[in-house]
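Read the structure below first, then the notes.
Values in this text are rule-based calculations from the coordinates and carry no lab data. Worth saying up front: this structure is predicted, and the values here are computed from it rather than measured. For neighbour counting, all protein chains shown are included, and Cβ atoms are generated from backbone atoms with ideal geometry for every residue, glycine included.
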């Protein structure tokens, strides 16, 4: 122990310097930060909604669109079941509040009823209460969702939307964004530090459903007249990315549900920004078959029924990956990748209310938290000095380094600090010297047992490590559980606590060890001043 490895000294020095650099933006003015070179960090710790205010949106699931989407799926399921039963049909579609299909031969109604029995059955409960079938004398069959099932769909869509929204606006889970369901179909989103609700609306407002359609080649005259071929539709270019409208098949050949990952990149030949995507194994197989069957034709890629690009398929694409070109910038490609990686919303969300929220606790909470932190530091430092003397000073130096590293880590990841986060920091201050207490008490025991200073110091660091690791590991596990199952301020508390535990172990063991080793080599004491 008394011969500290050089790599440990270098590691502590590098981490301490980086910590100071990343923490520094929190202690200087914004104007000074902006004047720094680009390679210098400029991001500080964000304050949470309860400390600095932010934006709030009240969203509502578009139930009518949701119902039509599910009715479209039901119509497809009905057609699939009838094809499997070799029953001819026509007139598949959605009319009003029902999915409709018509048998060519009305005398096959009994066979059709048997074939469609599974359509009305819930995949989860198996109960036949999700759709009601009605029959007409001319072979017409209609399926309508029950009110109970439609309400369940709204509730499920709202819950799924919460997770998609969270991944879009808070992918790291550290920004203290609060997203909660209100009733069956409404969602409240609160984002700290976002003074303009438009920033949230731009990120949330799009469904972000990617679909792939074959292009119908029509003359400009036909497209201008609005006379589209049967089963086709006119789609407009995606704002800022697409360059022209196209006529495409109404039903997609492929959807983005098989998308695994999307990321911005540059085209190797043109150097322009593109959006690269990766499909799962099943998606790669389907995409390969489509591009093989339609080589030479144009294939339109749509996002929320707007054309991103419509290239010609020059050869089969069977590798499960590809790229979308367009008038992308780095920022637009990154924004689109975030939305696609977060997943598509199950239904559009209508904005019911938007407002800028003022801080509920504001400066008073910041001042109170600062006072509490200073009192905690003063009491901790006083205790360590009274209890361990010179070694207490070493622990206090490690405590200062620990505080710098916590601030640096929170600044680096853009974490938001709320009142519960301040509580986590105060708790961390006390926990930061816990490892030092364990080490120093072990040294005392060894010294009282008759060991010399060198052996007592060595035993203090080596034999206390198991206890230190065990105590802090259980704390980390508890914080991980809070972070996984909590939300908003609870996650903030768990995050600051986790950072504090990791940095406190680092500083208490390595920083204190180096300081004690330097002191011992310089003074060569006969007894330990502890």
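The table below gives the values:
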quantity	calculated
Using a Förster distance of 41 Å, the FRET efficiency for residue 289-residue 28 (Cβ separation, nearest 0.05)	0.10
Inter-site label distance for residue 198 and residue 132 at 7 Å from Cα along Cβ, in nm	4.8
Tilt relative to the chain, helix 147-169 - C-alpha long axis, 0 to 90 degrees, to 10	50
Shape of segment 284-331, Cα gyration tensor, a/c cut at 1.5	prolate
5 Å binning of all Cα-Cα separations within segment 228-325, expressed as whole percents from 0 upward	3, 13, 20, 25, 24, 12, 3, 1
Principal-axis tilt of helix 512-523 within the chain, Cα atoms, nearest 10 degrees	20
Mean separation of Cα contacts under 8 Å (6+ apart) over length of the chain, as relative contact order %	20
Over segment 228-325, relative contact order from alpha-carbon pairs under 8 Å, at least 6 apart, %	28
Peptides ranked, highest mean first, by Cβ atoms within 10 Å: ranges 395-407, 458-470	395-407, 458-470
MRE, 222 nm, helices only [DSSP H, n ≥ 4, -39500 (n - 2.57), over the chain, to nearest 500]	-16000 deg cm²/dmol
Sequence-separation-based contact order of segment 63-151, relative, with Cα cut under 8 Å and 6+ spacing, percent	26
Computed FRET value (nearest 0.05) for residue 352 with residue 14, which takes r as the C-beta separation and R₀ as 56 Å	0.65
Potential lengthening between residue 521 and residue 458 on full extension [0.36 nm per residue; Cα-Cα distance subtracted]	21.3 nm
Rg over Rh [alpha-carbon atoms, Kirkwood Rh] for segment 63-151	0.95
Cα-based helix-to-principal-axis angle, 390-413 vs the chain, degrees rounded to 10	20
The chain - convex hull of the alpha-carbon atoms, volume per residue in Å³	215
Extension reserve of the residue 323-residue 476 stretch, reckoned as 0.36 nm per residue once the Cα distance is removed	51.0 nm
